[in-house]
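S.K.: Here's a structure for you.
The values are calculated or read from the model by the stated rules, or taken from the named source; none is laboratory data. This structure is a prediction, so every number in the text was calculated from the model and none was measured. All Cβ positions, glycine included, derive from the backbone under ideal geometry; neighbour counts span all protein chains shown. Each accessible area value is taken on the protein alone, full model and side chains, heavy atoms only, with ligands, DNA and RNA left out. Shrake-Rupley method; radii C 1.70, N 1.55, O 1.52, S 1.80 Å.
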Amino acid sequence: MIAHHLLLCATPAKALCCPDPSVGPASWDTLKRLVREWGLEDPARPEGIVLRTKADCLRICVEGPVLLIWPEGIVYGSVTPERIERILRDHVVGGTPIEPWIVKRMPFQASKR
């Protein structure tokens with residue numbers, strides 16, 4: 001079972017939303033490390049695994065780097081390595097989004113056929 005999928009706009013080809021191009025890769029490295037260290041990608045995790053994907057661009061060109069968390073569809077802005085730890089702890093593990101850091105909500109909706 002998949003609990004969350006985290007998509008981080010970490011290496012944009014065109015830095016439209018992030019003034020410092022070094023922040024994205026540093027945030028990605030922190031995300032990878034913490035997901036691994038905290039056992040969030042362990043298939044035996046009762047709550048489900050946490051997937052992570054490094055994206056070039058999520059087309060949310062504001063306050064980058066941005067982190068999109070599915071299935072909630074919550075987008076965090078200005079995602080620094082320091083913020084990654086709190087987002088993982090409070091939102092992904094604890095279930096409480098960090099409202100002041102949210103720049104957009106894109107809730108998942110199944111297609112209706």
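S.K.: Using Cα-Cα distances under 8 Å and only pairs 6 or more residues apart, what relative contact order does the chain have, in percent?
M.R.: So the answer I get is 32 percent.
S.K.: To the nearest 0.05, what FRET efficiency results for Glu82 and Val62 with a Förster distance of 22 Å applied to their C-beta separation?
M.R.: 0.65
S.K.: Of the beta bridges DSSP finds with both residues in the chain, what % are antiparallel, to the nearest 5?
M.R.: Here the share of antiparallel DSSP bridges comes out near 60 percent.
S.K.: Next question. Provide the per residue accessible area, probe 1.4 Å, for the chain, rounded to a whole number of square angstrom.
M.R.: Solvent-accessible surface per residue comes out at 58 Å².
S.K.: Using a simple charge model, +1 on the beta-carbon of Lys and Arg, -1 on the beta-carbon of Asp and Glu, nothing else, what dipole does the stretch 50-108 show about its Cα centre, in debye to the nearest 20?
M.R.: 140 debye
S.K.: Sorted by accessible area with a 1.4 angstrom probe, largest first, how do Val103, Val75 fall?
M.R.: Correct descending sequence by accessible area is Val103, Val75.
S.K.: Would you mind telling me the share, in percent, of accessible area of the chain contributed by carbon and sulfur at probe 1.4 angstrom?
M.R.: Of all accessible area on the chain, carbon and sulfur atoms account for 54 percent.
S.K.: Mind ranking Val23, Val35 by accessible surface for me, highest first, 1.4 Å probe?
M.R.: Val23, Val35
S.K.: Another question about this same structure. Taking GluC sites (Glu not before Pro) as candidate sites, keep only those in a DSSP loop with at most 15 other Cβ atoms within 10 Å, then name the longest stretch of the chain containing none of them.
M.R.: Of all site-free stretches, the longest is 48-113.
S.K.: Something else about it: By its C-alpha gyration tensor, with a ≥ b ≥ c as the square roots of the eigenvalues, how is the chain shaped: rounded for a/c under 1.5, else prolate for a/b larger than b/c, else oblate?
M.R.: Taking the square roots of the gyration eigenvalues as a ≥ b ≥ c, the chain is oblate.
S.K.: Given the -39500 (n - 2.57) contribution per DSSP H run of 4+ residues, what per-residue ellipticity at 222 nm results for the chain, rounded to the nearest 500 deg cm²/dmol?
M.R.: -5500 deg cm²/dmol
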